[in-house]
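First the structure, in the form of structure tokens, and then the observations on it.
The values are calculated or read from the model by the stated rules, or taken from the named source; none is laboratory data. These figures come from a predicted structure and were not determined experimentally. Ideal geometry is used to build each Cβ from the backbone, glycine not excepted, and the neighbour counts take in all protein chains shown.
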Amino acid sequence: MGRVALVTGGSRGIGAAISVALKAAGHKVAANYAGNDEAAAAFTKETGIPTFKWSVADYDACVAGVAKVEAALGPVDILVNNAGITRDAMFHKMTPQQWKEVIDTNLTGLFNMTHPLWSGMRDRKFGRVINISSINGQKGQAGQANYSAAKSGDLGFTKALAQEGARAGITVNAICPGYIATEMVKAIDEKVLAERIIPQIPVGRLGEPEEIARIVVFLASEDAGFITGSTVSANGGQFFV
């Protein structure tokens, strides 16, 4: 059964793969993006998936953006909170602005996006909220106190909200990707990738965005109705919880 899905950060990287996979699974998909108009236009031209521009860090913008998506496609039953940013710095050099920007997008963004959709999901007795966290939210990472804190917070948000949504037919789950072959990761120096990063991954390679997307498609499906409050680690064996 096709439903309406909204993917934040849905026009590039892991988000783009998720958007495409959800469309292939029969859903009507809207992809949110924050700033890269050129990439969003190219994505829509290539996939036929409409894109909608707003910052998930701005609650009012999220309310207005959700309204536009629902006016165009219908009530949103599947929300994938994928949008995220990095502002890396060792903690003694990290600025309050670097901290705030990451928390506002990567953690508060989940509230800003889920809150406007929650009542509708409760009324319809169906919802799928899938939060894209990170391996670094599980194990921490030097130079990413802001990012690790936000991504760890995403997991607490997931577990708490899952308990609230369960009786209303809403599942809330999280996925923690490891190193995935996106533009951002591929931009890392090849020597660093080959000598320092990939040797830490037991399967011996980077993950592919499509591998994360397939998990999302399953968690968004009717078949996943008994799975809620869960965290799926997709990191090639790099870290076990």
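A few notes on this one:
- Filter result for the condition that a residue is out of contact with any Pro (no Cβ under 7 Å at 6 or more places or on another chain) and more than 16 Å from V56 (Cα to Cα), over G15, G10, G35, G2: G2
- Residue list for the stretch 102-120, restricted to those being hydrophobic (A, V, I, L, M, F, W, C) and either crowded, with 24+ Cβ neighbours inside 10 Å or under 15 Å from A174 (Cα atoms) (or both): V102, L107, L110, F111, M113
- Only one of F226, F218 that is surrounded by fewer than 21 Cβ atoms within 10 Å (Cβ to Cβ), more than 16 Å from the chain's Cα centre (by Cα) and either assigned to a strand (DSSP E or B) or aromatic (F, W, Y) (or both): F226
- Entry remark, the stretch 160-189: residues being over 13 Å from R12 (Cβ atoms) and β-branched (V, I, T) number 5 in total.
- In the stretch 157-181, residue surrounded by the fewest Cβ atoms within 10 Å (Cβ to Cβ) [restricted to those that are part of a helix (DSSP H, G or I), without any contact (Cβ under 8 Å) to a residue 60 or more places away in the chain and more than 15 Å from the chain's Cα centre (by Cα)]: R167
- Subset of the stretch 50-71 that is out of contact with any strand residue (DSSP E or B) (no Cβ under 7 Å at 6 or more places or on another chain) and more than 13 Å from T8 (Cβ to Cβ) - its residue that is surrounded by the fewest Cβ atoms within 10 Å (Cβ to Cβ): A71
- Within the stretch 58-78, residues that are within 10 Å of N112 (Cβ to Cβ) sit with their Cβ atoms under 8 Å from residues that are among the β-branched types (V, I, T), at 6+ positions apart or across chains, in these pairs: C62/V56; V66/V76.
- Selected residue (criterion: farthest from H92 (Cα to Cα)) from residues of the stretch 121-142 that are in a loop (DSSP other than H, G, I, E, B) and out of contact with any helix residue (DSSP H, G or I) (no Cβ under 8 Å at 6 or more places or on another chain): F126
- Residues in the stretch 24-49 that are surrounded by 19 or more Cβ atoms within 10 Å (Cβ to Cβ) and not hydrophobic (A, V, I, L, M, F, W, C): H27, K28, N32, Y33.
- Selection status of G9, at positive phi and crowded, with 24+ Cβ neighbours inside 10 Å: yes
- Which numbered condition V76 misses (of (1) surrounded by fewer than 19 Cβ atoms within 10 Å (Cβ to Cβ); (2) farther than 19 Å from P177 by Cα; (3) of a type in the set (V, I, T)): (1)
- Scanning the stretch 182-215 for residues that are modelled with pLDDT of 95 or more and within 20 Å of the chain's Cα centre (by Cα) returns L206, G207, E208, P209, E210, E211, I212, A213, R214, I215.
- The stretch 229-240 - residue that is outside any strand (DSSP E or B) and touching a residue at least 12 places away in the same chain (Cβ under 8 Å) and, of those, farthest from N136 (Cα to Cα): G229
- Of all residues in the stretch 88-117, those being of a type in the set (D, E, K, R) and over 30 Å from A220 (Cβ atoms) number 3.
- For the stretch 188-215, a residue qualifies if it is outside any helix (DSSP H, G or I) and among the hydrophobic types (A, V, I, L, M, F, W, C), and the qualifying residues are I188, I201, V203, L206.
- Note on the stretch 79-135: residues that are acidic (D, E) and free of Cβ contacts under 8 Å to residues at least 40 places away in the same chain amount to 1.
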